[in-house]
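I have placed the structure first, in the form of structure tokens, so that the comments after it can refer back to it.
The values are calculated or read from the model by the stated rules, or taken from the named source; none is laboratory data. These numbers come from a predicted model, not from an experiment. Neighbour counts run over all protein chains shown; Cβ positions are idealised from the backbone, glycine included. To get the accessible areas, we keep the full protein, side chains included, count just its heavy atoms, and leave off ligands, DNA and RNA. Shrake-Rupley method; radii C 1.70, N 1.55, O 1.52, S 1.80 Å.
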There are 2 protein chains.
Amino acid sequence: MKVVVVGAGLAGLTAARRLVALGHEVVVLEARSRVGGRTEGGVLSDGTPVELGGQWLGEGHSRMYALCEELGLETFRTWNDEGELLLELRGKRSRLKPHKGAVPRVSPFALADLAQGMARFERLARRVDLDRPWLTPGAERLDGQTWESWIRRNLRTAAGRAYFRVACEAVWAAEAADVSLLHALFYTRSNADLETLLAVDEGAQQDRVVGGSVRVSERLAEELGDRVVLGSPVRRVAHRPDGVGVETRAGTTYDGDAVVVTLPPALAGRLDYDPVLPSWRDQLTQRLPAGSVVKTYAAYPTPFWREDGLNGQAASDEGPVKITFDNSPPSGTPGVLMGFIEGAEARRWVRATPDERRAAVVGCFVRYFGPRAADPVEYLERDWNAEEFTRGCYGAHFTPGVWTTYGEALREPVGRIHWAGADYARDWCGYMEGAVRSGESVAESIAAELGRKPA
Amino acid sequence: MKVVVVGAGLAGLTAARRLVALGHEVVVLEARSRVGGRTEGGVLSDGTPVELGGQWLGEGHSRMYALCEELGLETFRTWNDEGELLLELRGKRSRLKPHKGAVPRVSPFALADLAQGMARFERLARRVDLDRPWLTPGAERLDGQTWESWIRRNLRTAAGRAYFRVACEAVWAAEAADVSLLHALFYTRSNADLETLLAVDEGAQQDRVVGGSVRVSERLAEELGDRVVLGSPVRRVAHRPDGVGVETRAGTTYDGDAVVVTLPPALAGRLDYDPVLPSWRDQLTQRLPAGSVVKTYAAYPTPFWREDGLNGQAASDEGPVKITFDNSPPSGTPGVLMGFIEGAEARRWVRATPDERRAAVVGCFVRYFGPRAADPVEYLERDWNAEEFTRGCYGAHFTPGVWTTYGEALREPVGRIHWAGADYARDWCGYMEGAVRSGESVAESIAAELGRKPA
């Protein structure tokens with residue numbers, strides 16, 4: 001029996017690997033000339049590897065840690081503990097010791113407001129039915145509003161509201177106005193809680209892969225060998241009761257007993273299907289847009305901010321870069337600042353010229369870390385919105401009304417067509433961990449299903 | 001100079017006609033084996049024409065009336081005046097004389113609530129900047145919430161809320177939870193006001209075209225002759241500084257100086273563009289999903305409801321059919337009831353079997369018009385969600401956050417690629433009138449633009 005996998009990101013590669021382990025024939029068709037999908041390796045001119053896409057493993061990401069070990073890869077801690085992080089809200093700056101529950105230096109009113117808002121949000125999130133979010137108590141009401149509406153109603157201070165909005169941008173590269181409250185709650189529960197989502201130590205940003213996260217995909221692809229076919233964008237998926245035929249843009253058709261489409265939902269919806277997909281699947285993918293993000297890097301001779309007792313992390317409600325990290329290699333040389341332009345900032349700044357954008361980004365680094373940030377030896381960026389085969393990061397988000405009226409269609413196969421990817425994951429949705437779990441789980445479903453069918 | 005038009009709906013055909021009138025060469029590529037797009041002719045087994053798609057002209061639709069006259073088509077009044085309409089809210093039924101400002105028989109509290117809600121909504125709508133909705137005062141706040149959030153906050157009674165929700169379903173075939181409040185306001189202002197949108201006489205549902213609305217497209221296509229190429233779904237649009245090449249799925253390429261893509265935004269976003277579209281255009285079309293609707297017909301020997309003093313119109317907050325019309329031909333024989341399954345009801349009922357759906361629809365007709373509705377001589381339906389080349393009706397709606405962060409990209413050409421369709425219209429957005437205005441206006445822009453360029 002043979003399975004065609006569309007996409008050589010983490011979901012596609014782990015699905016393929018598991019299928020091979022279960023004794024099936026597999027071909028993985030990848031549009032790009034590289035594997036890794038939303039993880040991608042880049043390199044500074046001195047040879048230092050940088051990660052242009054997804055980079056973190058953390059709390060609860062057990063499959064990813066195990067996979068790294070199986071593949072002979074090592075992880076290291078995100079630079080965090082030695083130095084304080086900067087938090088800027090409404091023009092007021094705090095320096096915080098980085099640990100869960102760190103308390104920003106804002107007014108007692110704002111602090112109480114924020115604490116109460118967090119507690120309320122976490123209480124709501126704990127109620128979410130992860131398997132079937134549309135059956136969560138009060139689902140229609142929660143899904144009938146944006147997260148922004150909830151923030152306006154539940155947070156009373158400007159600082160409290162700003163904190164939640166920046167959190168939303170940091171998690172989805174989308175605005176609180178874009179996202180259904182039910183989705184915000186689902187995603188939070190899927191990733192333990194809001195603090196875990198936002199934290200470094202004991203959080204979703206705890207560790208990195210030595211050499212870059214793309215190494216995981218590269219090692220998986222090496223194992224799979226010539227089963228992985230690069231440079232082969234898929235255009236058409238024919239599916240019949242007795243099999244599938246997956247056709248590339250170049251006109252080559254790969255036949256199989258089943259297909260796993262691991263493209264982001266919006267792109268999965270753009271393929272030609274024959275016969276066409278049921279309307280509920282098509283209308284679902286019309287409603288799962290990707291976030292908006294440009295990942296930026298500035299390299300310096302040394303991580304000079306460390307000398308000032310800072311750990312290179314900033315979180316601010318003023319852009320275009322509102323979130324930064326010290327992304328220096330384990331050796332500490334060169335010093336590498338990484339900054340995200342997310343959500344509405346990204347939508348605005350991708351229309352600027354590269355020079356304007358670089359100046360604005362470096363301007364933010366100077367605002368956070370002082371004049372020594374003004375002259376990076378190198379600047380690098382990746383606009384994920386412009387990537388033909390991704391079209392936005394970090395992932396898909398559910399707009400209001402979608403979970404409650406289309407949720408059932410998300411993970412449901414259509415005949416011999418199966419879906420996988422970080423956006424489909426029940427647990428650790430949106431993360432590399434979710435991609436791997438989704439890939440492995442779809443492989444097992446298919447194997448079980450094919451095992452029951454006559455060859 | 002030559003223009004390639006993608007789509008032979010009203011926007012594409014009127015764009016082509018205007019370009020021809022201005023002396024340009026045109027080819028119109030249509031995916032289907034028919035013209036008309038979201039207008040479509042059907043026929044009962046006795047030969048009575050019925051409209052499977054858009055059907056109404058009304059107040060302010062001056063271009064459509066003029067076009068009908070130019071094309072030698074006649075219009076007739078929607079059956080409305082002779083008889084009362086039914087309004088059911090929260091299980092209570094009123095019979096109303098159909099005119100603007102008709103007062104439903106609900107409690108004085110509900111009535112006051114509804115009147116105040118309507119007035120508030122209209123006041124907000126009048127503030128919208130139709131050319132640039134994102135510059136409307138308070139745009140971010142209006143766009144940061146769903147229409148449903150506004151309804152919950154501004155309407156106090158169950159009947160008042162139900163009325164607004166049904167109105168939303170009737171206008172977009174979408175739920176109030178799906179739609180940005182700013183979009184609801186923009187669309188309402190674009191179509192004069194809420195009462196005009198919902199009314200028959202002096203409203204958007206006032207008139208119909210004798211023989212069916214699709215006749216307009218058919219006559220336009222006759223005029224254009226062999227410039228219209230049917231059965232030619234477009235797959236790829238290559239665009240260069242010196243021209244465009246539009247390739248069909250079958251592999252034929254049509255070269256031109258410009259292209260007008262008149263597909264619904266979500267489908268326009270699914271074509272392959274070379275080079276790829278700017279990210280802001282791509283991310284916009286990821287965020288403009290189509291509504292969800294099944295249009296249903298039941299035919300009877302006579303329009304028996306007229307004998308009971310009813311005009312065949314019902315509006316209810318209980319589905320699956322919440323809106324009905326008397327769609328009998330001008331002769332009055334046979335009697336034809338038309339019912340819409342819209343929004344969440346459509347999403348649910350398209351998953352039922354045809355028999356289950358028919359039984360549920362006829363059950364609604366019985367609930368509204370009595371036991372004589374139980375045995376139609378014929379039943380017919382069109383599930384617009386399932387149409388490969390439409391993928392949902394009535395049109396695209398803006399989800400929260402989209403007007404304010406992507407609005408500028410909506411009507412902006414990308415090099416030699418232009419966009420047109422009912423969903424792009426400033427005035428009478430979403431209606432046949434909007435499609436015609438958009439088509440004619442894009443033709444004039446292109447002609448002006450091409451006139452300035454060396455051939």
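Miscellaneous remarks
- Under the span-like rule (Cα at least 30 Å along the axis, Kyte-Doolittle mean at least -0.5), DSSP H helices of chain B: B:432-452
- At least 50 Å² accessible surface lost relative to isolated chain, residues of the range A:343-381 (1.4 Å probe): A:ARG347, A:ARG351
- Computed [θ] at 222 nm, deg cm²/dmol, chain B (DSSP H ≥ 4; -39,500 (n - 2.57); rounded to nearest 500): -10000 deg cm²/dmol
- The protein assembly as shown, Cα convex hull volume normalised per residue, Å³: 162
- Interface residues of the range A:269-296, defined as those with an accessible-area decrease of at least 40 Å² between the chain by itself and the complete set of protein chains (probe 1.4 Å), are A:ARG270, A:ASP272, A:VAL276, A:SER279, A:TRP280, A:ASP282, A:GLN283, A:GLN286, A:ARG287, A:PRO289.
- All other residues whose Cβ lies under 12 angstrom from that of B:VAL5 are scored, Lys and Arg at +1 and Asp and Glu at -1, for a net of +2.
- Nonlocal amide H pairs with A:VAL5, under 5 Å, H built at 1.01 Å: A:VAL27, A:VAL28, A:LEU29, A:VAL260
- In the assembly of identical copies, B:ALA238 has its label point, taken 7 Å from Cα in the direction of the beta carbon, separated from the corresponding points by 2.6 nm (ascending, one decimal).
- With a cut-off of 14 Å between beta carbons, the residues surrounding B:GLU25 carry a summed charge of +1, where Lys and Arg count +1 and Asp and Glu -1.
- Summing Cβ point charges (Lys, Arg +1; Asp, Glu -1) relative to the Cα centre of the range A:103-192 gives a dipole of roughly 380 debye.
- For B:GLY23, inter-copy label distances in nm, listed shortest first [label point 7 Å out on the Cα-Cβ vector]: 7.6
- Taken about its Cα centre, the protein assembly as shown carries a charge dipole of about 1680 debye when Lys and Arg each add +1 at the Cβ and Asp and Glu each add -1 at the Cβ.
- Within the accessible area of the protein assembly as shown, the carbon and sulfur atoms contribute 50%, probe 1.4 Å, all protein chains present.
- Rotationally averaged projected area of the range B:361-442 (alpha carbon convex hull; nm²): 8.8
- Using the Cβ of A:PHE76 as centre and a radius below 11 Å, the other residues enclosed give a net charge of 0, where K and R count +1 and D and E count -1.
- Couplings for the range A:313-325, taken from phi via the Karplus curve 6.51 cos²θ - 1.76 cosθ + 1.60 with θ = phi - 60°, read 9, 10, 9, 9, 9, 10, x, x, 8, 9, 10, 10, 9 Hz in order; Gly and Pro are left as x.
- Where labels lie 7 Å past Cα in the beta-carbon direction, separation of A:ALA359 and A:GLU202 in nm: 4.5
- Relative contact order for chain B, counting Cα pairs under 8 Å that sit 6 or more residues apart, in percent: 25
- Label zone at B:ASP131, where the point sits 7 Å out along the Cα-to-Cβ direction: the range B:257-280 residues whose backbone N lies under 14 Å: none
- FRET efficiency estimate (nearest 0.05) - Cβ-Cβ, B:ASP375 to B:ALA448, R0 51 angstrom: 0.30
- Viscosity 1.306 mPa s, 10 °C: Kirkwood-radius Stokes-Einstein D of the range B:299-436 over Cα pairs, µm²/s: 91
- A point 7 Å from Cα along Cα→Cβ stands in for B:PRO413, and the other copies hold the same point at 4.8 nm, listed in rising order.
- Shape of the range B:105-191 from the C-alpha gyration tensor: prolate (a/c of 1.5 or more and a/b above b/c, with a ≥ b ≥ c the square roots of its eigenvalues).
- With the largest listed first and rounded to whole Å, the semi-axes of the equivalent ellipsoid of chain A from the Cα gyration tensor are 37, 26, 19.
- Residue by residue, the range B:298-310 carries 3J(HN,Hα) couplings of 10, 9, 10, x, 9, x, 4, 4, 5, 5, 8, x, 10 Hz when phi is fed to the Karplus relation 6.51 cos²θ - 1.76 cosθ + 1.60 (θ = phi - 60°); x denotes Gly or Pro.
- Those residues of the range A:195-228 whose amide nitrogen sits under 20 Å from the label point placed on A:PHE76, 7 Å along Cα→Cβ: A:200-219
- Chain lengthening between A:ARG348 and A:LYS97 when straightened (0.36 nm per residue, less Cα-Cα): 87.1 nm
- Comparing Cα centroids, the range A:394-422 and the range B:50-77 end up 40 angstrom apart.
- Extended-chain gain in nm, criterion 0.36 nm per residue less alpha-carbon gap, A:ALA112 and A:ASP308: 67.6 nm
- Extension reserve of the B:ARG34-B:ARG249 stretch, reckoned as 0.36 nm per residue once the Cα distance is removed: 75.7 nm
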